[in-house]
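Rule-based calculations on the coordinates, nothing more; no lab input. Everything numeric here is computed off the predicted structure, so don't read it as measured data.
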Amino acid sequence: QVQLVESGGGLVQAGGSLRLSCAASGSIRSIGTMTWYQQAPGKQRELVATITNNGSTNYADSVKGRFTIARNNAERTVSLQMNSLKREDTGVYYCNADIVPTRVIGWVNYWGQGTQVTVSS
């Protein structure tokens, strides 16, 4: 059973920082692109940052220069360092990954359960 588990959310004042982590566990053969999404209150889930298995990154315009995505392939983790946080960064942050489980042919897309980030003024 493959799982993605996020951690690191919380309450922070505007201008502060948080670091989110996501760990993949289970019977995994390979992990491809890993992505963080934000779902703000009353809005659809939106891409925040993505990183390929060779380290190429892409960011939403709203977080460029403030957020940094990184991964550790050996530990099967992806992180999101969030600096200079703004109130509009508030929401549930979800980890997403393309994974090839063992005994499966092909990629399967997985989601974590989400972690709440609240930025206060």
Residues meeting the amide H criterion for Lys86 (H placed from the backbone, H to H distance under 5 Å, 5 or more places apart or on another chain) are Gly15
Alpha carbon centroid spacing (whole Å) that separates the range 88-112 from the range 2-39:
10
Mean separation of Cα contacts under 8 Å (at least 6 apart) over the residue count of the range 1-116, i.e. the relative contact order in percent, is 34
